[in-house]
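The values are calculated or read from the model by the stated rules, or taken from the named source; none is laboratory data. These numbers come from a predicted model, not from an experiment. Neighbour counts are summed over all protein chains in view; Cβ atoms, including those assigned to glycine, are modelled from backbone coordinates with ideal geometry.
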Amino acid sequence: MALFLNIGMRYNADMIPTGSMLSGLVITEGMDMSRLSSFSTGGRAEYYAEPRSVFDAVRALEMAYRKNLSVTVIGAGTHVLVSDDGIPGLVISTASMRGMSIKGRLLVAAPGESLDNVINQAIDHNLTGLEEIAGIPGTIAGALSVNAAANSTSISDFLFYADYLTTEGEAHRRPGFHDPSRSQRSLFQPGELIISIALRLRPARATAEARMRKEEYVERMYIPPCRRFSGIIYRDPPGMSAARIIRECGLTGPSGLKAEFSEYQPNSIVTYPGCTSSEIYALIEHGRMKAKEHGYDLETSVALLGSFTGAP
Ligand SMILES: Cc1cc2nc3c(=O)[nH]c(=O)nc-3n(C[C@H](O)[C@H](O)[C@H](O)COP(=O)(O)OP(=O)(O)OC[C@H]3O[C@@H](n4cnc5c(N)ncnc54)[C@H](O)[C@@H]3O)c2cc1C
């Protein structure tokens, strides 16, 4: 496929129009990323873009390519830890790329649609299957990228195909495949930007039942609003639960930092006011070291953006 689909040639890509708009695309310099991550920590992105269309996403990628900037893609920021030193290069959030269509059993969504909205629309069209992962916050592309999973169901169980752009602006289609061992493992390479997701869902008549099931899963995921709470920190090792390992290693509760593993859901971190990304990272690394002493290898699931050095 042609580099940048030949549409980027209509503007001068040698200029980075920070703070200005080029038919819908705004590039912001020095974006405060703590506002965009669920941990509410971290420094600034050198450049930040939030395209609303595939066209604008291609233009953002082309600017980065011409300026030799690294590209970091995010969705709603519910599963990222941003370095306190910030993120060099261009951060592109696809959270504002919205839209959905449904034909037969096939639901096709733009990357910024929330998982919640996708599940609701599916049920409205007599399509079910996604209820078990209801309550996971964030966008459909974020969910697909990390292969979000809950209650023995992962989003890739329903993936028919996903279209994505490379950092060179080439468009590709990745067909879906079912592989339960890929739960919480990305199907995409860093920098690849998902632009469209097609899910093949199960037709069902009992949609009222499906909606009730969905709301039950949302309730189970409920987090009291007073707590700043992360999602899954480590991937489950094959056949094991990371939460169980964290408990077994005695990691939950006060850590001496402004972050601690939750007593309530051990594979999550609760933070307190004034917490930094460095403290969260120190806790994550401490957890990995402690688990190793007990003979377990824990892989970090949350995406680390920017540079992190120095374990505790
Ligand atoms: C309270 C809470 C509970 C959670 N519970 C669960 C749970 O039960 N199960 C679970 O699996 N997760 C859980 N999570 C984690 C998180 O919500 C999911 O992983 C979510 O799907 C991430 O979506 P996002 O849009 O926020 O992605 P982000 O956090 O913005 O990004 C996550 C990853 O996706 C990539 N990404 C995002 N958009 C794109 C795109 N368009 N193209 C390419 N890559 C992209 C990013 O590069 C990054 O690596 C929880 C999080 C919180 C805060």
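So here's what we get for this one:
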item	result
Complete set of residues in the range 137-152 that are more than 6 Å from the ligand (Cβ to nearest atom) and either in contact with a helix residue (DSSP H, G or I) (Cβ under 6 Å, 6 or more places away or on another chain) or under 19 Å from Arg98 (Cβ atoms) (or both)	Ile140, Leu144, Asn147, Asn151
Candidate set from the range 24-46 (those that are in a strand (DSSP E or B) and within 16 Å of the ligand (Cβ to nearest atom)); member that is surrounded by the fewest Cβ atoms within 10 Å (Cβ to Cβ)	Asp32
Candidate set: the range 152-178, residues that are modelled with pLDDT of 90 or more and of a type in the set (Val, Ile, Thr); chosen: the one surrounded by the fewest Cβ atoms within 10 Å (Cβ to Cβ)	Thr166
Residue, surrounded by the fewest Cβ atoms within 10 Å (Cβ to Cβ), within the range 65-76, restricted to residues that are within 6 Å of the ligand (Cβ to nearest atom) and either modelled with pLDDT under 95 or outside any loop (DSSP other than H, G, I, E, B) (or both)	Val73
Filter result for Ile74 (closer than 20 Å to Ser230 by Cα and in contact with a strand residue (DSSP E or B) (Cβ under 6 Å, 6 or more places away or on another chain))	yes
Selected residue [exposed (fewer than 15 other Cβ atoms within 10 Å of the Cβ), farther than 30 Å from Val118 by Cβ and either more than 19 Å from the chain's Cα centre (by Cα) or among the β-branched types (Val, Ile, Thr) (or both)] from Arg244, Arg288	Arg244
Every residue from the range 119-133 that is more than 10 Å from the ligand (Cβ to nearest atom) and either assigned to a strand (DSSP E or B) or of a type in the set (A, V, I, L, M, F, W, C) (or both)	Ile119, Ala122, Ile123, Leu127, Thr128, Leu130
Options Ser268, Ser262, Ser181: the member that is within 16 Å of the ligand (Cβ to nearest atom), modelled with pLDDT under 95 and surrounded by fewer than 14 Cβ atoms within 10 Å (Cβ to Cβ)	Ser181
Tabulated pairs, the range 293-312, first more than 25 Å from Ser93 (Cβ to Cβ), second at pLDDT 95 or above and in a loop (DSSP other than H, G, I, E, B), C-beta under 7 angstrom, 6+ apart or interchain	His294/Cys249
Subset tally (residues that are of a type outside the set (A, V, I, L, M), in a loop (DSSP other than H, G, I, E, B), under 21 Å from Pro238 (Cα atoms) and within 13 Å of the ligand (Cβ to nearest atom)) for the range 271-312	1
Flag if Thr252 is free of Cβ contacts under 8 Å to residues at least 24 places away in the same chain and touching a strand residue (DSSP E or B) at 6+ places or on another chain (Cβ under 6 Å)	yes
Matching residues, the range 153-178, being away from the ligand (no atom under 12 Å from the Cβ), touching a helix residue (DSSP H, G or I) at 6+ places or on another chain (Cβ under 8 Å) and in a strand (DSSP E or B)	Leu159, Ala171
Pairs where the first residue, in the range 153-177, is over 26 Å from Glu131 (Cβ atoms) and the second is hydroxyl-bearing (Ser, Thr, Tyr) and buried (at least 21 other Cβ atoms within 10 Å of the Cβ), C-beta under 7 Å, 6+ apart	His172/Tyr164
Tally of residues being buried (at least 22 other Cβ atoms within 10 Å of the Cβ), part of a strand (DSSP E or B) and among the hydrophobic types (A, V, I, L, M, F, W, C) across the range 90-118	5
